[in-house]
Amino acid sequence: MDEGPKHIILDLSQIDFVDSSGLGALVQLAKQAQTSGGTFQIVTNARVTQTVKLVRLEKFLALQPSVDQALENIK
């Protein structure tokens with residue numbers, strides 16, 4: 001992220017399961033994006049959103065319902 005694009009959209013809409021390791025990786029990426037002055041948005045589905053909310057990270061991780069919505073947030 002230091003040398004790549006400043007705005008990243010990760011599409012997890014087809015993922016059925018995210019464990020603690022996956023959540024940890026998402027948090028690390030979000031922190032890196034903040035540090036580099038970029039954005040990190042995650043396109044989710046109901047299952048991923050539920051898991052993120054279960055561990056109370058929904059305010060820290062930028063969850064989006066679609067890629068189109070995530071793209072709109074970058075503009």
Please compute the length gained on full extension between Thr49 and Gln14, using 0.36 nm multiplied by the number of residues separating them and subtracting their Cα-Cα distance. 11.4 nm
Could you list which residues have their amide H under 5 Å from that of His7, counting only those 5 or more apart in sequence or on another chain, with H placed in the peptide plane? Thr39
Output the 0 to 90 degree angle, nearest 10, between the alpha-carbon long axis of helix 20-35 and the longest principal axis computed from the alpha carbons of the chain. 20 degrees
May I ask you to derive the relative contact order of the chain, considering only C-alpha pairs under 8 Å and at least 6 residues apart, and to give it as an integer percent? 38 percent
How long, wide and thick is the stretch 7-74, going by the Cα atoms along their three principal axes, in whole angstroms, largest first? 28, 24, 17
Amide H partners (placed H, <5 Å) of Val18, local residues excluded: none
For the pair Lys31 and Gln69, how long in nm is the line joining their label points, each one 7 Å along Cα→Cβ? 2.7 nm
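Computed from the coordinates by the stated procedures, all read-outs in this text should not be read as laboratory data. Worth saying up front: this structure is predicted, and the values here are computed from it rather than measured. Backbone-built Cβ (ideal geometry, glycine too); neighbour counts: all protein chains shown.
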